[in-house]
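Read through the structure below, which is laid out as structure tokens, and then see the notes.
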Amino acid sequence: MNDCLRAYLYLHFCVFLWGFTAILGKLISLSALPLVWWRVVLCCGALWWFLPKAQLRALSRRTLGRMLGIGALVGLHWLCFYGAIKLSNASVAVASMAVASFFSSLLEPLLLRQRVRWYEVALGLFVLPGMALIIGHLDWTMRSGFLVGLLAAFLAALFTVLNKRLIDAEAPPAWPMSFMELLGGLIICSAALPFVALSGAELTLQPQPWDWLWMLLLAWGCTLLPYYLTLTAMRHLTAFAANLTVNLEPVYGVILAGLFFGEHREMSPGFYAGVGIILLSVFGHPFLVRWFGKPHTAP
């Protein structure tokens, strides 16, 4: 098995695990900020025990700073994603994430100084009617969640491209990279806690008894392992290819949300028509690459 195929298998396994994150986020009683804070606390605590400390000490301060900055974007992405779930539902949140590949088609050439691939931008534009169908068939109470989900998709595309740039430039080991980025997410969430508390918004850090089980599954099963495997896979894939594969998360997420919560009864046929258009753009990408471009994998 070559490295590229192994990287795609890693990534698809991660996407399957990420399909459960919206379900777990719905099950956990905490609001978005405490939920994400506990998520990164549990991840960082577990990582510290088996992290090769020599690999961490070998990294330069500049590299460590870049990792912390990317981790801050990851933390903001999670806040927006779980905020979208709380403001709408799990199906709306994962559907909005499907536009991440469009953002990536613009950000990757800009930040990595590459040529813009017109067919990738065209696929992103093809997504827009799907997004219109989705938001047009949501009631007003869910539209704010959808918009917050779009911001989460943009942040996901941004930190994926920045990770790809860092990996191509310095190729840091995956374990210390995972730890530092998750630590960056913890710092940004910890910094936000006092502001949310002072704003008068309801803020409960104490989980309910069942929350501990869901948070451990979320942190260790759906965050720590996929984060490491994704960083490993990106040594052989482009940011666009990674984000395009991650676009399959709505497939798992919407199906699981329907199975667990019966959310299919809350959605109109127009919602699923919009999701179908988005997924058509995802599956159409390999054919466009074959016809007009080169495969998005490293040699």
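For the reader, a short list of remarks on this structure follows.
- Protection-proxy order for peptides 10-23, 55-68, each taking the mean of Cβ atoms within 10 Å per residue, highest first: 10-23, 55-68
- Mean Cα-pair separation over length for the stretch 1-136, i.e. relative contact order, pairs under 8 Å, 6 or more apart, %: 25 percent
Just so you know, all these numbers are worked out from the coordinates, no wet-lab data involved. Since we're looking at a predicted model, the values are computed, not measured. Ideal geometry is used to build each Cβ from the backbone, glycine not excepted, and the neighbour counts take in all protein chains shown.
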